[in-house]
Amino acid sequence: MKNKILTKIQYINRIHRIFIEKTDIKRVFRFLEEKTFPNVGIKRAAIVQTEDNYKFYYKYRINKNILKDIREQNYRNLNDWINGNTAKILHYGSKYLFVFESGENREWVYFEPLHLKEDYFGILILTADEKDISQDDHFIFFLLANHIAEIFYLDDNLKKAASLNRLNRKFLKHSKTATAFLDKNLHIVQTNILFRKIFKIRKKSILDICKYINRPLLENMISSPDSRVSFEFGGKNFEGRIVRARMKDNIKYLLLIDDVTEVIALKKRIWQNQKLRELGEISLRIAHEIRNPLQVILGFIQLLNEQEDPEKQKEYSNIIMNESRHLNGLIEDLLLYAKKVDINFEECIPSVIVEEVCNSLKERADNSNITINSDLKRFTFVLDIKRFREIVTNILSNAIEKLEEEGRKNSSIDIYLEKKTGIFILNISDNGSPISGENIERIFNPFFTTKDNGHGLGLSIVKNLVEAMNGKIEVKSRNGKTSFIMKFEKNDLQK
Amino acid sequence: MDNMKKIMIIDDAGFIRVLFREALKREGYEVITCENTYTAYKMIKESEPDLLLLDINLPGGSGIDLLKQLRNEGNNISVIMITAVSIKDTVIEASKYGIKSYLTKPVDINILKERISEALEE
């Protein structure tokens, strides 16, 4: 007896394995038809759909008699038929095996309810009308029915998964976005070809994405799924997003990366063209700005040749040198002005940067008896640290230079830094002579300068820098105070 | 000293004024300078120079506008334009108002001296 059971269980295990391996219901049923259980022959198995239509799966039809019986008896559905015809109920664990006798030809119908699927009612296993079916055999049927149910369920889902997979795969293959599926540990589960191309991944193996993109950057992406995070890799520029996606088993994140190198290059070219056009428009001014120093240089060289007085010679030489330097400085400023500002946003504490700039200019201010007062609130903000430092340095040195020249007593510069919702404000004011209304309008124009030696590009460059960081700058001059007010808005990367 | 001619330089760039003053003083001219059109107009009336060395890009208004105004008032003072602007249209425009010469910076000092003496001989 024991051996019999063992054999049967082994058999069941084998079938189970085959079911899992084959995952093709048709083949399973074919297999079932071909093989028989000792003492029991399985004629057919059918998966019965609920509702009123007895749709049978895989052309396996329920015995005509049973069907006839159902119709004649006017059973609305199989459920009723089962309930009305139960001859015997066998219990096995928490499941039931129904045994029916129906019609003239007795057929033993084993019905295994399918609890896994809503659409499907159960599995019918029809056997030969063999009455001395042992309990073991019943048990085996029970197991079998279960397996078939599971396989069927699996098969169905796999089909869906397969078609979804096929769709996914097609999409991934042709997508211009490099895609990677990551698990909860940020390991790569699956990628598309483009992704492997970008990061030069050859083998399809589980890889730690942190090897290619650093962790803080990834965490930034995870915490702000609506924004794109920029980064560089292999000399190219990318924008990445991470979205949460619970797909099969272990996939938790979807990493989407777009190559924006070309876009950035294009934008840069457009910007430069714009700037060039603007430069073209002010080319008259440029001619003026460059030709004047040239005239001075060439003229004084001519005079130098005819000059005998050493004092005068020295004077002329100095003028020539200064104008040459001035000219060179102008050309540098022009290039700076025309160049597209590269911005690298980082989290920083603006007050720290302002303090650093003040310290670096403190000695110069002290030498000219200029007091610098500051009221700086401490907070974090996302800025380009280098550019922000340039802006503060430029405005502050301008103020110091102006007060130095004017040489008044009680010269002072006030610096305010405060944060409001969504923006922060930096105000640098001096108590020197006011700027006339006419000049205030032109102060940020290129080549506008009130200094003897100025190029007039400093403030235009500052304005470009401020605007590149989503900021605005304006100047006010009233009540004995001239103020440069800069407002910076929060950008996408702010949390 | 009687025949010392007075030349007025109108240019906004400081060192240009210094250069021309140095160059012309050596030639024995009296030189006065001015840096914008506001003060130029007044200075011309008060000092009555014999010749103007006039730039175009000036604070307060274009040098050509100043020239136009002078001509409209019947002032026929000799004018040499010295400017960075070398556009043909501007040259033609300036010529309408009667100028002795139109020179583009950077101008050779010797040529400048020549043009000035030519202009003053007439």
Residue ranges of helices (runs of 4 or more DSSP H) in the range A:274-380 with at least 3 members more than 14 Å from chain B (Cβ to nearest Cβ): A:310-338, A:350-367
Take the residues in the range B:1-17 that are within 21 Å of A:Tyr316 (Cβ to Cβ) and in contact with a Phe, Trp or Tyr (Cβ under 8 Å, 6 or more places away or on another chain); name whichever of them is nearest to the other protein chains (Cβ to nearest Cβ). B:Asp11
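Quick grid of which residues meet (1) more than 14 Å from chain B (Cβ to nearest Cβ); (2) out of contact with any strand residue (DSSP E or B) (no Cβ under 9 Å at 6 or more places or on another chain); (3) modelled with pLDDT of 90 or more:
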site	(1), (2), (3)
A:Leu403	yes, no, yes
A:Lys409	yes, yes, no
A:Leu426	yes, no, yes
A:Ile440	yes, no, no
A:Thr449	no, yes, no
A:Leu457	yes, yes, no
Please work out if B:Leu67 is modelled with pLDDT of 90 or more, surrounded by 20 or more Cβ atoms within 10 Å (Cβ to Cβ), aliphatic (A, V, I, L, M) and farther than 24 Å from A:Pro293 by Cα. yes
Set B:Thr83, B:Thr104: member being touching a Gly at 6+ places or on another chain (Cβ under 8 Å) and not aliphatic (A, V, I, L, M): B:Thr83
Residue check for A:Phe379: within 20 Å of A:Val466 (Cβ to Cβ) and either acidic (Asp, Glu) or in contact with an Asp or Glu (Cβ under 7 Å, 6 or more places away or on another chain) (or both): no
May I ask you to list the residues in the range A:231-260 that are basic (Lys, Arg), part of a strand (DSSP E or B) and either out of contact with any helix residue (DSSP H, G or I) (no Cβ under 9 Å at 6 or more places or on another chain) or open to solvent by less than 70 Å² (accessible area, probe 1.4 Å) (or both)? A:Arg241, A:Lys252
Qualifying residues in the range B:23-36 (those that are without any contact (Cβ under 8 Å) to a residue 40 or more places away in the chain and within 12 Å of chain A (Cβ to nearest Cβ)) - the one least open to solvent (accessible area, probe 1.4 Å): B:Glu35
Determine whether the range A:261-270 contains at least one residue that is away from every other protein chain (no Cβ under 14 Å) and part of a strand (DSSP E or B). no
Output the residues belonging to the range B:72-122 that are surrounded by 15 or more Cβ atoms within 10 Å (Cβ to Cβ), of a type outside the set (Val, Ile, Thr) and under 18 Å from B:Ile44 (Cβ atoms). B:Ser78, B:Met81, B:Ala94, B:Tyr97, B:Lys100, B:Ala119, B:Leu120
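Residue-wise test of (1) among the acidic types (Asp, Glu); (2) closer than 14 Å to A:Met469 by Cβ.
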site: A:Val341; (1), (2): no, yes
site: A:Leu361; (1), (2): no, no
site: A:Arg364; (1), (2): no, no
site: A:Asp384; (1), (2): yes, yes
site: A:Val392; (1), (2): no, yes
site: A:Ile400; (1), (2): no, no
site: A:Glu404; (1), (2): yes, no
site: A:Lys409; (1), (2): no, no
The range A:448-466 - residue that is surrounded by fewer than 20 Cβ atoms within 10 Å (Cβ to Cβ) and charged (D, E, K, R) and, of those, farthest from the chain's Cα centre (by Cα): A:Asp452
For the list (1) modelled with pLDDT under 90; (2) open to solvent by 20 Å² or more (accessible area, probe 1.4 Å); (3) of a type outside the set (Gly, Ala, Ser); (4) more than 37 Å from the chain's Cα centre (by Cα), I need the number of the one condition that A:Lys339 fails. (4)
Selection from the range A:381-434 of residues that are of a type in the set (S, T, N, Q), open to solvent by 40 Å² or more (accessible area, probe 1.4 Å) and assigned to a helix (DSSP H, G or I): A:Thr393, A:Asn394, A:Asn398
Residue by residue through the range B:6-40, note down the ones that are of a type outside the set (A, V, I, L, M), under 20 Å from B:Tyr102 (Cα atoms) and in a loop (DSSP other than H, G, I, E, B). B:Asp11, B:Asp12, B:Glu35, B:Asn36
Would you mind stating whether B:Phe20 is free of Cβ contacts under 8 Å to residues at least 12 places away in the same chain, under 23 Å from A:Lys451 (Cβ atoms) and within 13 Å of another protein chain (Cβ to nearest Cβ)? no
Taking the range A:205-224 and keeping only residues that are part of a loop (DSSP other than H, G, I, E, B) and surrounded by 13 or more Cβ atoms within 10 Å (Cβ to Cβ), one is left with A:Tyr212, A:Ile213, A:Ser224
Could you tell me whether A:Leu294 is among the aliphatic types (A, V, I, L, M), touching a residue at least 60 places away in the same chain (Cβ under 8 Å) and open to solvent by 50 Å² or more (accessible area, probe 1.4 Å)? no
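The values are calculated or read from the model by the stated rules, or taken from the named source; none is laboratory data. Note that this is a predicted model, so its numbers are computed, not measured. Note that we place each Cβ from the backbone using ideal geometry, even for glycine, and neighbour counts take in every protein chain shown. These area figures cover heavy atoms from the full protein model, side chains too; ligands, DNA and RNA do not enter into them. Shrake-Rupley method; radii C 1.70, N 1.55, O 1.52, S 1.80 Å.
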